[in-house]
Each structure stands twice: as C-alpha cells, then as structure tokens.
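S.K.: Here you go, one structure.
Read the figures in this text as sums done on the coordinates, not as results from a lab. Quantities reported herein were computed from a predicted structural model and do not represent experimental measurements. Note that we place each Cβ from the backbone using ideal geometry, even for glycine, and neighbour counts take in every protein chain shown.
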Amino acid sequence: MRSEVCGFVLDGREYSSVLDVHLKWLTTSKRRTSFALHVGGLNHRDNASFVQAFNSADYSYADGISVVALARISGIPCIDRSPTTDLGADLLRQGPIALGRPVRVAVVGGTNELVKQTSTSLEALFDAHVCFHRNGYKNFADEDFEQLRRSQPDVLFIGMGMPLEAMFCAQYIADLPECLVMTCGGWFGFLTGQEKRAPMYAQKFGVEWLFRLAQDPRRLFPRYLRGVHSFVQLSFVAAKVRIRTVSGEHR
C-alpha cells in the first residue's frame with residue numbers, strides 16, 4: 001500500500017514486510033529499484049527533480065526516525081524504521097537460502113579505496129560474491145554500464161548519498177542490470193569500520209543519529225541541523241494533511 005508523506009511516496013510498513021519484498025525481488029532476475037528515505041532526502045524536498053526521481057522507485061521505505069515520525073503524524077499506522085544497514089545485512093544473510101547459492105553483489109559509490117574495502121568486507125561477512133565495484137565520483141561511460149550488466153548481479157548497492165543516488169538511478173535506469181537496485185547511503189562506511197553502529201538502546205529509542213553525530217560532527221552537524229529544521233517544517237505540513245483527512249472522514 002503506497003502512501004504519501006510530505007510529497008514523498010512510501011511503500012514500506014513493518015520491517016519484516018520490507019525485508020520480504022526485497023528477498024522476493026532478489027530472486028526474480030528483473031530490474032526493481034528500492035530507495036531509502038531519511039533526513040538526507042527530507043533536506044532536499046524542494047528539489048523537484050530529486051522528489052520526482054525518488055518517487056519513481058518501485059519501492060521506498062522509511063530509513064530514518066524523522067520519516068517514521070512524519071508518517072505517523074500524517075496518520076499512517078504501523079510503520080517501522082527500516083535501516084538500510086540492517087536491511088542490507090539481512091538480505092545478504094537470507095539471500096543465499098532463497099537463491100541456493102552465494103549472492104552476486106555489485107557495489108557503486110564512494111572512493112576507489114572505499115568500494116574495494118566494502119567488497120572485501122561483504123565477502124568476509126556474508127555468503128556473497130562481489131562481481132562488480134566502482135567508485136561513485138567518476139561519470140559512468142557506456143563501457144562501464146556494459147561491464148556492470150555483464151557482471152549479472154543479483155543486487156546492486158548504490159551508495160552515493162541522497163539526492164545523488166536516487167537521481168543516478170532515475171537517469172540511468174535503462175542502463176542498469178536486471179536485478180534489485182538499492183540505494184544505501186552511508187552503509188559502506190559501516191561495513192568497512194569507518195563508522196561504528198550505535199548501541200541497540202540508541203537504535204531502539206530512535207537516537208542513533210546522535211551517536212553518528214558524535215563520531216563525525218564536522219560532516220554531520222550541518223546535515224542534522226538542517227534536518228531538524230526540515231522536520232519541524234514538515235511536521236506542520238503532515239499535521240495539516242492529517243487534519244484534512246480526519247475532517248473529510250467525518251463529513
């Protein structure tokens with residue numbers, strides 16, 4: 001069931017259902033795009049090209065606690081935060097069972113060193129084979145897309161950060177391989193140990209972002225400060241939508 005949250009389309013509800021959809025698509029050998037919405041996306045809500053690109057995804061889900069809160073303010077029940085850090089890992093843990101073989105993974109984003117380290121980590125942590133990796137800073141040429149398609153991945157993880165990763169997918173969708181295509185933001189940093197995951201209590205109570213901020217304040221402080229401003233503004237928008245919806249129901 002698709003719903004709109006402050007201009008962004010969301011499909012995902014409970015985490016288990018989000019995972020089930022991705023596991024199903026992993027085995028279909030058909031191109032499907034899945035985008036994660038978090039504060040990075042909310043901060044670019046005024047970029048019409050980005051919003052259009054994001055909403056073109058076959059599936060989208062709430063990665064950030066701010067998105068979950070806005071959805072609930074809008075009146076959407078039973079929506080969980082589905083961190084791509086968890087979703088990607090669970091997909092690669094359960095994927096080999098569904099496929100009956102190691103998962104073929106393609107990785108795009110970050111620097112050359114980061115994608116190399118990410119590839120090594122993926123193969124060490126999961127029953128996975130990285131069949132393609134490439135940095136996200138150099139423009140793709142036709143031969144790059146051809147090589148990516150020839151690698152025949154089951155899943156392509158694109159870690160360029162929002163809005164770039166969604167706009168990249170929308171622009172080059174016809175050039176991407178027939179597989180599950182997932183945006184994954186900063187997941188590569190967690191996989192390589194450049195950034196540590198917050199303790200479970202911080203994840204449970206929705207303050208994981210504070211743990212991330214403490215690790216890299218110079219990079220993340222402007223993003224989260226802008227995110228607070230975005231959330232406050234969008235909370236009023238979501239509340240108005242909810243009021244109109246409830247008023248319409250009682251007429």
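S.K.: Taking only the C-alpha atoms, wrap a convex hull around the range 87-213 and report its volume per residue in Å³ as a whole number.
M.R.: 114
S.K.: Highest first, please rank the peptides 129-137, 179-187 by the mean number of other Cβ atoms sitting within 10 Å of their residues.
M.R.: Per-residue mean Cβ counts within 10 Å order the peptides as 179-187, 129-137.
S.K.: Also: With runs of 4+ DSSP H residues as the only contributors, calculate the mean residue ellipticity of the chain at 222 nm using -39,500 (n - 2.57) per run, divided by the residue total and rounded to the nearest 500.
M.R.: That calculation yields -15500 deg cm²/dmol at 222 nm.
S.K.: What three numbers, in Å, describe the spread of the alpha carbons of the chain along their principal axes, ordered from the longest?
M.R.: Largest first, the chain extends 56, 39, 34 Å along its Cα principal axes.
S.K.: What does the convex hull of the alpha-carbon atoms of the range 42-97 project to on average, in nm²?
M.R.: Mean projected area of the Cα convex hull: 5.1 nm².
S.K.: Still on this model: For the charge dipole of the chain, defined by +1 on Lys and Arg C-beta atoms and -1 on Asp and Glu C-beta atoms about the Cα centroid, which residue among GLY136, ILE73, LEU148 has the Cα displaced farthest towards the positive pole?
M.R.: So the residue we want is ILE73.
S.K.: Using a Cα-Cα cut-off of under 19 Å, which aspartates and glutamates could be cross-linked to LYS138, ignoring same-chain neighbours fewer than 8 residues away?
M.R.: GLU113, GLU146, GLU165, ASP175
S.K.: Still on this structure, please answer the following. Provide the packing ranking of 4-14, 100-110, 60-70, 44-54, i.e. peptides ordered by the mean count of other C-beta atoms within 10 Å per residue, highest first.
M.R.: In descending order of packing, they fall as 60-70, 100-110, 4-14, 44-54.
S.K.: May I ask you to derive the relative contact order of the range 1-142, considering only C-alpha pairs under 8 Å and at least 6 residues apart, and to give it as an integer percent?
M.R.: 22
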